[in-house]
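What follows is a set of notes on a single structure, which appears directly below.
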Amino acid sequence: MLASKFSPTISSFLVLLLLRTCSTISSSKVPSKIGKGYHLVSIGEVPDGGLLGLLQIKQKNDFYGPDIPNLQLYVKHETGDRLRVHITDADKRRWEVPYNLIPRERPPAGLKKSDAESNRNPYEVSEYAGSSLIFSYTANPFGFSVRRKSNGDILFNSTADDCDKYNNLVFKDQYLEISTKLPTEASLYGLGENTQPNGIKLVPNEPYTLYTTDISAINLNADLYGSHPVYMDLRNVDGEASAHAVLLLNSNGMDVFYRGDSLTYKVIGGVLDFYFFAGSKPLDVVDQYTQLVGRPAPMPYWAFGFHQCRWGYHNLSVVEDVVENYEKAKIPLDVIWNDDDHMDFHKDFTLNPVAYPRPKLLSFLSKIHSRGMKYIVIIDPGIGVNASYGVYQRGLANDVFIKYEGEPYLAQVWPGPVHFPDFLNPKTVTWWGDEIRRFHELVPVDGLWIDMNEASNFCSGKCVIPKGKQCPSGTGPGWICCLQCENITNTKWDDPPYKINASGTQVPIGYKTIATSALHYNGVPEYDAHSIYGFSQSVATHKALQGLQGTRPFILSRSTFVGSGKYAAHWTGDNKGTWADLKYSISTMLNFGIFGVPMVGSDICGFYPAPTEELCNRWIELGAFYPFSRDHANYYSPRQELYQWKSVAKSARNALGMRYKLLPYLYTLSYEAHKTGAPIARPLFFSFPNFTKSYGLSTQFLLGSSVMVSPVLDKAKTKVSALFPPGTWYSLFDMTHTIISKKGHHLSLDAPLHVINVHVYQNSIIPMQRGGLISKEARMTPFSLVVTFPSGCTQGEAKGNLFLDEDELPEMELGNGHSSYIDFYATVGKKSVKVWSEVQESKFALRMGWIIEKVTVLGLEGISGNFALEVDGSQVMDVSNVEFSAAEHLHLHKLEDGGDKRKSMMVEVKGLNIPIGKNFGMSWSMGIAG
């Protein structure tokens, strides 16, 4: 509620909180500021429970254009953990991210100036409290802060004073600026997509520009394929961590300047639509964030298998050979992909009749589908201008293309001259769905890969097809512009007053993309809608695939925006086959987990140029643990399928062999992501937020809460320095190997060429299966449970869970008769060990016939006897087939930062035949190991 009965004492205290004084002033000249901001002339409560206020400009200026004189301020606690602050023109409607693309509450229609001025609020400082966050403001000049209710920690503070080298609020037609103070000890993550050479943690004074661009991921600190104007702020005060996030929901181009003690947004259009997520744990933050922008899409089980692709599979015989060679090499493979090689002259929704004749392709697909394998092809948004091309003709007839001066905008991509579909137009969505349906009838593909959707254009400006010249010529690189083009600089959309750092070099924002003065549906300029192009295509593609056969869609998109994870997976684009790019892939992957796009990975072994054999060894070891695991190579690179080198094949069998054993764990993480937004791959601080050594760590990551991957990322290294948070860790490849860390320390681990270190944390229960060469077969093998206690534990507990379903149904949920969920528990205490399960929706798991054959318990003092087993409450009398074995854990020595060794055992219980769909309980006595 609005604190309209503020006491002067509290008001003065808040002013001190919001404003700081300068103890020293630098002798250097302070940069001139743009205007003097706005003042709040009125504020009051509205029927929906929020606040509505009127801001007026204090002093007009024309720097970057005239100021908008009157602004509407709307503030609302939308949930107990989410606060919205929305600022827009009070007199005219401005562009916002469409509410049908990201469904959310709409602010009130408007505030009449006369009503606002007659309701002036006499208080200069006031506050508006919710369950977790408090909104406070100063009236003149207007600024606001958001602080945590529990401890008063200020999370955002936009009020500028004389010490600050940034402005108070600036709001012009094509230039919006707002800043916040930050404590220098805050650790920030997000603001992407970009390739961050210094790791996942944001570094002060590096450029963070958000504007979807096709300049390839090899460009560092530049705006890439996606725009995600959200950051997570992790702070640690007196050993206690708390996290929150700030989203600026705006699709216009922007520069974000992070200086260490402040952060400034400079945006070239739209509105200021801030959402503050209270957290306070990192997992809470992504839960609250994805509750707003959309939960991650459910993924089919096979999507977690290994994928193989290449641009340059010239004909179907090559693809058939690839599949056969993976099988011969005993390397797991679930999905084979085609880049545009299958198309007829690069045209979407077509087949090359010579290289990929339909009868032979259908025969091939029938063969691999019978094994459980899948097939995915690429689709680019550019539709070739070709009078004999049915897709183009139907597009023209339905008027689905983006316009320039009343005609479809002409660009060039792989087919040559193209038009771009306007996915903001409902007619386009219908037409696109129909084209996908037609193509699926031609070729029953299992998913779609949407690429070049930033949108990428090989030309710039206003273009026409040259007369008397073949375009493209058919020789030379296909990305050379062959249209006849002229620059467009005569509109405010093509040449805005403020130049964002587009492509890292401040190129014009229409460079190599759709002209920003081109128009979408209802007259929306590309200037505003540019960064949501790929997102809107994902939404349309998802809708089309859902309507085909009622199966769960799989879409891989290069360009992403806020909320893309609800519809698509993502790969990190055109990377290089270098050791540096191997490192960068981890940070980008972890960022996308924070962005709500958990199904993410990089091209394994690099897209181009050719990787070395050693690099490809190390990359498949890492890439086997990406959520989305795919090898993909460039047309001009040598072949790099994993079987091309014997050594790489060996590393692949080792790493992918473990991935396929972990598929039930990964799939359960996917279910958790779909329900709560939790990333599949996570920074270590997600599980260890108080462990400050992990805050900048970008060379290791977690799968879920407790499986840690520590890859080799450097040439000619056979050891890796891994950071171990406090507790006990067990090697997943050899569970007798144990690492104990008292305070958290680095440890040098052996990592020969074919070895990657993967460890499981204490107090966990990990469901695994035997594995296999294809997920369809692997998921029908018996289960085993790995239970981890602290080393030498005499009292403790462990937990885990497992989600199972008919994975091609559209929804990923319980209660539909086609899914089961199992919670696993284990305790040790009073010289006994107990392991049991609690099953929800048991019928599906029972129908599938899954069983548990083995339970491995790590960290025990020892084992004696008195084994007992119950299934569904009834004791199993015949346990003659059950076998016990024990082995003493081996502790790594020479801990670099503390730690100790305790005598402990690994105990295996084999010969079980427990239906996983039934509640079970087992127990045995624990004796001291001799």
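The values are calculated or read from the model by the stated rules, or taken from the named source; none is laboratory data. In this text, all values refer to a predicted model and were calculated from it rather than measured experimentally. Reconstructed Cβ throughout: ideal geometry from the backbone, glycine too, with neighbour counts over all protein chains shown. Calculation scope for accessible area: heavy atoms of the full protein, side chains included, ligands and nucleic acids excluded. Shrake-Rupley method; radii C 1.70, N 1.55, O 1.52, S 1.80 Å.
Remarks
- Rounded to the nearest 10 square angstrom, M906 shows an accessible area of 30 square angstrom against a 1.4 Å probe.
- Label-point gap, in nm, between D238 and L442 - each point 7 angstrom along Cα→Cβ: 6.7
- The length gained by stretching the chain between D48 and K717 to full extension, at 0.36 nm per residue less their Cα-Cα distance, is 234.7 nm.
- For the set E327, E45, E641, E908, the ranking by accessible area, highest first and with no ligand, DNA or RNA atoms included, is E45, E327, E908, E641 under a 1.4 Å probe.
- The heavy atoms of S564 present about 0 square angstrom of accessible area, all protein chains included, probe 1.4 Å.
- Entries of K281/K742; K646/K910; K742/K799; K328/K360 with Cα pairs more than 25 Å apart: K646/K910
- For chymotrypsin sites (Phe, Trp or Tyr not before Pro), the sites in segment 71-102 that DSSP calls loop and that have at most 11 other Cβ atoms within 10 Å are Y99.
- Applying 1/(1 + (r/R0)^6) with R0 = 35 Å to the Cβ-Cβ distance of Y635 and L548 gives a FRET efficiency near 0.70.
- FRET efficiency, 1/(1 + (r/R0)^6) with R0 22 Å, evaluated for V507 and N205 via beta carbons: 0.50
- Value of [θ]222 nm, deg cm²/dmol, for the chain, DSSP H segments ≥ 4, -39500 (n - 2.57) each, nearest 500: -5500 deg cm²/dmol
- Average accessible surface area per residue within the chain, 1.4 Å rolling probe, Å²: 36
- Among residues other than G504 with Cβ under 14 Å from its Cβ, the summed charge is -3 (Lys and Arg +1, Asp and Glu -1).
- Phi-based couplings in Hz for segment 849-861 (Karplus 6.51, -1.76, 1.60; Gly and Pro marked x): x, 5, 10, 9, 9, 8, 10, 10, 10, 10, x, 7, 5
- Solvent exposure ordering (accessible area, 1.4 Å, most first) of R618, R295, R94, R653: R653, R295, R94, R618
- Options [x] 182; [y] 209; [z] 162 - which one matches volume of the Cα convex hull per residue in Å³ as calculated here: [x]
- From phi via Karplus (6.51, -1.76, 1.60), per-residue ³J(HN,Hα) for segment 788-802 in Hz, x at Gly/Pro: 10, 10, x, 4, x, 5, 10, 8, x, 8, 9, 9, x, 8, 8
- I465/A397 FRET efficiency (R0 25 Å; Cβ-Cβ; nearest 0.05): 0.80
- Rounded percent of accessible protein surface that carbon and sulfur make up, the chain, 1.4 Å probe: 50
- For M735, the solvent-accessible surface with a 1.4 Å probe is about 40 Å², rounded to the nearest 10.
- Once both labels are positioned 7 Å from their Cα atoms along Cα-to-Cβ, the gap between S150 and E806 label points is 4.3 nm.
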